[in-house]
Structure formats: structure tokens, C-alpha cells
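Participant: After the C-alpha cells below, expect a handful of questions from me.
The values are calculated or read from the model by the stated rules, or taken from the named source; none is laboratory data. Source: prediction; values computed, not measured. All Cβ positions, glycine included, derive from the backbone under ideal geometry; neighbour counts span all protein chains shown.
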Amino acid sequence: MTEQKYPQSAEINEYRYIDFEWLDEIAEGLTAGAEKHPGETWRSIPAEEHAARALRHLSMWLAGDRSDSHIINASMRCMMARVMEREEDQNYDPEEIDALREENKALWAELRKWIRSDCYEKEEKRNEANT
């Protein structure tokens with residue numbers, strides 16, 4: 001079946017390319033981390049340290065260690081490194097960063113609703129296929 005093309009402008013950030021099951025695993029890992037380390041303590045760690053920890057997880061996975069979710073942990077650390085890199089590069093003051101985070105909360109809430117509905121639809125299709 002040929003993919004339907006719709007007359008619209010190209011997007012610079014095509015969210016359809018994101019694997020939402022992977023994203024859900026990232027969210028679960030971040031939630032578990034927030035419970036273990038309250039207060040977003042990862043924001044006090046420099047980007048370079050997050051990147052080093054991500055590399056450590058990838059190295060362990062490549063060496064065959066499957067005792068932990070190393071790919072997910074590396075993904076989380078890469079996200080943290082990128083966030084800190086942006087903040088370090090922009091040299092924002094803490095109040096400005098907090099204001100930006102507040103603005104993004106509503107956007108993330110909408111994205112989470114969309115992700116949940118998308119995952120729910122995929123699960124329903126899987127259940128239908130298995131029955």
C-alpha cells in the first residue's frame with residue numbers, strides 16, 4: 001500500500017518518527033529516577049558527566065550485560081546531557097529556565113495525552129489481532 005500524501009507544509013520535527021513504546025520506557029525510567037532522587041538533581045550534573053554515564057551504559061550493553069536496561073538508561077542520560085548542554089550554551093539564569101519549564105508543562109501534558117491514546121490504539125489492535 002502506498003503511503004497517502006497530504007497537501008501540507010513539511011514539518012521540521014516529525015513526531016511520527018519517534019517510537020512511542022521507547023519513549024514510554026524513557027518516561028518510566030525518569031519517573032523511577034525522580035522517586036529515587038527527588039528534586040530533579042540531575043540538573044545539577046554537567047552535560048559531560050551525563051554523556052560519560054550514557055557511554056558507560058552503552059559499553060556495558062555492547063559487552064553483553066543485560067542485567068539492567070542499559071539502552072534506556074543511556075537514552076535518559078543522553079536526554080539529560082542535551083538539556084544541560086542547551087542550558088550551558090545559552091547561559092540562562094535560573095529564573096528564566098524555571099519560567100521556560102513552566103511554559104513547557106502544558107505542551108508536555110498535551111503530548112502525553114496523545115502518546116497515551118496512540119499506545120492505547122496500538123494495544124487494542126494487537127489484542128484484536130491475537131483474538
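Participant: What is the residue count in the stretch 56-68 for residues that are touching a helix residue (DSSP H, G or I) at 6+ places or on another chain (Cβ under 7 Å) and closer than 16 Å to L30 by Cβ? So that I can check it myself, show each step before the final result.
Facilitator: First, the residues of the stretch 56-68 that are touching a helix residue (DSSP H, G or I) at 6+ places or on another chain (Cβ under 7 Å): 57-58, 60-61.
Next, only the ones that are closer than 16 Å to L30 by Cβ stay: 57.
Of the residues in the stretch 56-68, 1 are touching a helix residue (DSSP H, G or I) at 6+ places or on another chain (Cβ under 7 Å) and closer than 16 Å to L30 by Cβ.
Participant: Of all residues in the stretch 48-72, how many are outside any loop (DSSP other than H, G, I, E, B) and either among the hydrophobic types (A, V, I, L, M, F, W, C) or under 25 Å from F20 (Cβ atoms) (or both)?
Facilitator: So the count comes out to 14.
Participant: In addition: Within the stretch 110-120, how many residues turn out to be surrounded by fewer than 11 Cβ atoms within 10 Å (Cβ to Cβ) and modelled with pLDDT of 70 or more?
Facilitator: Step one: filter the stretch 110-120 for residues surrounded by fewer than 11 Cβ atoms within 10 Å (Cβ to Cβ), giving 110, 113, 117, 120.
Restricting the remaining residues to those that are modelled with pLDDT of 70 or more gives 110, 113, 117.
Final tally of qualifying residues: 3.
Participant: Please determine, by comparing only the residues of the stretch 17-47 that are assigned to a helix (DSSP H, G or I) and in contact with an Asp or Glu (Cβ under 9 Å, 6 or more places away or on another chain), which one is surrounded by the most Cβ atoms within 10 Å (Cβ to Cβ). Don't jump to the end; show me each part of the working.
Facilitator: Within the stretch 17-47, the first condition is being assigned to a helix (DSSP H, G or I), and the residues that meet it are 17, 20-36, 41-44, 47.
Restricting the remaining residues to those that are in contact with an Asp or Glu (Cβ under 9 Å, 6 or more places away or on another chain) gives 20, 34, 43, 47.
Numbers: F20: 16, A34: 13, R43: 13, A47: 18.
Out of the qualifying residues, it is A47.
Participant: Looking for something in contact with a Cys (Cβ under 6 Å, 6 or more places away or on another chain) and in a helix (DSSP H, G or I) - is there at least one such residue anywhere in the stretch 77-90?
Facilitator: Taking every residue of the stretch 77-90 in turn, none turns out to be in contact with a Cys (Cβ under 6 Å, 6 or more places away or on another chain) and in a helix (DSSP H, G or I).
Participant: Still on this structure: So, E95, is that one modelled with pLDDT of 95 or more, exposed (fewer than 14 other Cβ atoms within 10 Å of the Cβ) and in a helix (DSSP H, G or I) or not?
Facilitator: no
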